[in-house]
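Encoded as structure tokens, the structure appears first; notes follow it.
The values are calculated or read from the model by the stated rules, or taken from the named source; none is laboratory data. Just so it is clear, the structure is predicted and the values come from calculations on it, not from any experiment. Cβ sites come from the backbone with ideal geometry, for glycine too, and all protein chains shown count toward neighbours.
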Amino acid sequence: MVRKTLIFVLAAAMLMLAVAPAAAQAEVGPITQRIIDRGSLICAVNAIVPGFGSQNDAGEFSGFDIDVCKAVAAAILGDPNAVTYRAITAAERPTVLASGEADMISRNTTWTLQRDTEWGATFAPTTYYDGAGFMVKTASGAATIEDLEGGTICTNAGTTTELQVTDAFTERGLAFNLQTYQDFDAVMAAFDSDACDAVSTDQSGLISRRATSADPGSYTILPIIISKEPLGPLSPQSDEQFADIIRWTVWGLITAEELGVTSENVNDMLASDNVDIQRLLGQNNNNAGAYLGIANDFMVTVISAVGNYGEIFDRHLTPLGVERGINALWTDGGLIYAPPFR
Ligand SMILES: N[C@@H](CCC(=O)N[C@@H](CS)C(=O)NCC(=O)O)C(=O)O
């Protein structure tokens, strides 16, 4: 009897070993679970910065930051279109994050100590290394910060820019007036009506606004960078598993560029002999998504949907005249680097 039980237990254990996945499927966190239950990811975004996040007349969102939302929806739900976008202003970010109104924010947000802690945020890897600067009317002839002495500098409320402008003028002992507005449309309207001598925000925002204006030549972006603005997506720190999914989706996009895996060739790459590609795509018994509690081959869906990091950059930012610069891959002398996908 004892022997029979023993044989049965051994047989059962062997069977379990045979069917067990190579990696224990990670447990799904509360935010990931609510996304799965709802069947869509709520992503808080920008609606008025073309190239990064904007909305067309048909109500469709597009841009570099929007593709990050699509990539995360593809990773979790297998569908890049399973996203509900919520357009928010810069000042609304902390409350939207704390209230759970959105699952994540992908809206040119600078990673800072105060936001990481007081906002209760978990920042994903930086997707775009930026810095704040100034745009003036070309006709004003202003070329330096000193030329703006005593002037009115306009920006939007609830941004890192408010502090950076104050620091830049105070450091130089220059008088200035800082005027803040609710959103960047209001900033530009004030600038156009000559209520501001300069507008300040991230260089990416200045380039976007200038490139899409009626008369780009009438605006000049000064060749001055007054701060570090590492921009990237963020999520509530209450769900580390969800944060890991965002983090590894971004790193997966970077790794794909590094390995030459694109939206065009990803299906051919499934049969690649390159073990790094097999690991990225979760092929040949290599674990990828299984570590994150999602489809093991999640990066195949992500890359098919939005392409790799370079493709996203080329689609949305290159047309505006944005260069890769420090946002080139580390192998090309830039800062874009991902840890090993294994
Ligand atoms: N990166 C800065 C600034 C972000 C920001 O709000 N930038 C402006 C200019 S690109 C913007 O998004 N404007 C759109 C809006 O006000 O809705 C931050 O995180 O505070």
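Residue count for the range 181-193 satisfying the condition of being without any contact (Cβ under 8 Å) to a residue 12 or more places away in the chain and within 13 Å of the ligand (Cβ to nearest atom): 1.
Mind counting the residues in the range 196-252 that are of a type outside the set (F, W, Y) and assigned to a helix (DSSP H, G or I)?
22
Selection over the range 132-180 of residues that are over 25 Å from P230 (Cβ atoms), basic (K, R) and free of Cβ contacts under 8 Å to residues at least 40 places away in the same chain gives a count of 0. Scanning the range 90-131 for residues that are outside any strand (DSSP E or B), within 16 Å of the chain's Cα centre (by Cα) and hydroxyl-bearing (S, T, Y), which turns out farthest from I42 (Cα to Cα)? Checked the range 90-131; the qualifying residue farthest from I42 (Cα to Cα) is T112. Of the residues in the range 134-147, at least one is buried (at least 16 other Cβ atoms within 10 Å of the Cβ), within 11 Å of the ligand (Cβ to nearest atom) and within 14 Å of D202 (Cα to Cα).
Within the range 31-87, work out how many residues are away from the ligand (no atom under 16 Å from the Cβ), within 15 Å of the chain's Cα centre (by Cα) and within 18 Å of P319 (Cβ to Cβ). Residues in the range 31-87 being away from the ligand (no atom under 16 Å from the Cβ), within 15 Å of the chain's Cα centre (by Cα) and within 18 Å of P319 (Cβ to Cβ): 1 in total. Across the range 105-116, not a single residue is classified as of a type in the set (G, A, S) and either surrounded by fewer than 23 Cβ atoms within 10 Å (Cβ to Cβ) or out of contact with any Pro (no Cβ under 8 Å at 6 or more places or on another chain) (or both). Scanning the range 175-200 for residues that are touching a Phe, Trp or Tyr at 6+ places or on another chain (Cβ under 8 Å), surrounded by 15 or more Cβ atoms within 10 Å (Cβ to Cβ) and either within 20 Å of Q55 (Cα to Cα) or among the hydrophobic types (A, V, I, L, M, F, W, C) (or both) turns up F176, V187, A190, A198, V199.
Could you list all residues from the range 88-107 that are more than 15 Å from the ligand (Cβ to nearest atom) and out of contact with any strand residue (DSSP E or B) (no Cβ under 9 Å at 6 or more places or on another chain)? Matches in the range 88-107: S99 only. Screening A295, A290, A305 for residues that are in the same structural domain as F52 (by TED's automatic domain parsing), over 30 Å from R210 (Cα atoms) and part of a helix (DSSP H, G or I) leaves exactly one candidate, A290. If you check I226, I207, I254 for being of a type in the set (V, I, T), away from the ligand (no atom under 14 Å from the Cβ) and within 25 Å of the chain's Cα centre (by Cα), only one passes: I254.
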